[in-house]
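For reference, the structure discussed in these notes is given below.
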Amino acid sequence: MLGVSVGRLTHFSRATNLSTTMTPHDRLLSLLAERSARRGQFTLASGRQSTLYIDARLTTMSPEGLALIGPLALAAIRNAGWKIDAVGGLTLGADPVSYAIAYASAASEAPLRSFTVRKEAKLHGTGRLIEGPFREGDKVAVIEDVITTGGSALRAVEAIRAARGEVIGVLALVDREEGGRETLEGAGLPVVALARAADIVARIPVA
């Protein structure tokens with residue numbers, strides 16, 4: 001005999017129906033709101049003070065997050081018309097997003113390689129700033145987990161250009177809507193974001 005009450009079964013059925021009717025993009029926004037977003041007083045990596053903290057890694061390093069981000073980001077790149085060879089950005093935040101995109105592209109007609117940009121060059125071995133199958137002449141999309149000032153993306157852009165790569169645009173998981181997007185666009189870099197801070201805030205569960 002099944003040990004599940006009718007009430008609990010009905011609740012489970014409604015929750016299941018809700019999750020299956022949500023789009024992948026809606027599920028990603030909900031995941032970011034539930035796992036990555038926090039309200040309070042925070043000092044961001046940029047040094048700015050904020051009442052909103054988004055630790056994207058709690059989503060990007062989860063199996064559910066990776067499964068959603070890869071296809072959504074790949075579709076965003078294709079929809080933007082970016083003809084690229086590889087994706088990558090400044091470690092650590094960009095790494096899981098880049099890997100998810102590369103994996104999602106594996107069965108496509110134009111698979112994308114992923115790479116990572118170190119914050120400092122190694123003092124041993126090749127001494128490179130860029131690790132992975134990046135190639136000179138690659139057309140790339142720079143990846144960011146969260147855009148605040150745009151500084152991390154610009155550091156990655158500088159390293160890629162120094163290695164004779166061509167940056168086609170910047171793809172971010174989250175745009176905090178604090179001027180970073182405008183800074184990047186002002187530098188001639190098209191920007192695509194999968195989520196805006198406002199969309200995530202609207203879904204933060206009420207305590």
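The values are calculated or read from the model by the stated rules, or taken from the named source; none is laboratory data. Remember, predicted model here, so these are calculated numbers, not experimental data. Note that each Cβ is placed from the backbone with ideal geometry, even for glycine, and that neighbours are counted across all protein chains shown.
Things worth noting here:
- Subset of the range 187-206 [of a type in the set (Lys, Arg) and under 19 Å from Val170 (Cβ atoms)]: Arg196
- Candidates in the range 50-71 are the residues that are of a type in the set (A, V, I, L, M, F, W, C) and touching a strand residue (DSSP E or B) at 6+ places or on another chain (Cβ under 6 Å); of these, the one that is nearest to Ala198 (Cα to Cα) is Ile54.
- Among the residues listed as Gly93, Gly150, Gly180, the single one being at positive phi and of a type outside the set (A, V, I, L, M, F, W, C): Gly150
- All told, Leu90 meets the bar of being touching a residue at least 60 places away in the same chain (Cβ under 8 Å), touching a strand residue (DSSP E or B) at 6+ places or on another chain (Cβ under 9 Å) and over 20 Å from Leu29 (Cα atoms).
- Some residue of the range 143-151 being under 13 Å from the mean Cα position of the chain (by Cα), crowded, with 16+ Cβ neighbours inside 10 Å, more than 16 Å from Val174 (Cα to Cα) and modelled with pLDDT of 95 or more: no
- Of all residues in the range 21-39 being part of a helix (DSSP H, G or I), more than 16 Å from Pro96 (Cα to Cα) and of a type in the set (S, T, N, Q), the one that is modelled with the lowest pLDDT: Thr21
- From Arg161, Arg181, Arg155, residue being within 23 Å of Leu74 (Cβ to Cβ), part of a helix (DSSP H, G or I), basic (Lys, Arg) and modelled with pLDDT of 95 or more: Arg181
- Subset of the range 40-67 that is of a type in the set (Gly, Ala, Ser) and assigned to a strand (DSSP E or B) - its residue that is surrounded by the most Cβ atoms within 10 Å (Cβ to Cβ): Ser50
Residue by residue, here is whether (1) closer than 22 Å to Glu64 by Cα; (2) not in a loop (DSSP other than H, G, I, E, B) holds:
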site	(1), (2)
Gly81	no, no
Ile84	no, no
Gly88	yes, yes
Asp95	yes, yes
Tyr99	yes, yes
Tyr103	yes, yes
Ala106	yes, no
Glu109	no, no
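- Among the candidates Glu120, Glu136, residue that is over 28 Å from Tyr53 (Cβ atoms) and exposed (fewer than 13 other Cβ atoms within 10 Å of the Cβ): Glu136
- Residue check, Val146 within 30 Å of Phe42 (Cβ to Cβ) and outside any loop (DSSP other than H, G, I, E, B): yes
- Selection from the range 183-199 of residues that are at positive phi and touching a helix residue (DSSP H, G or I) at 6+ places or on another chain (Cβ under 9 Å): none
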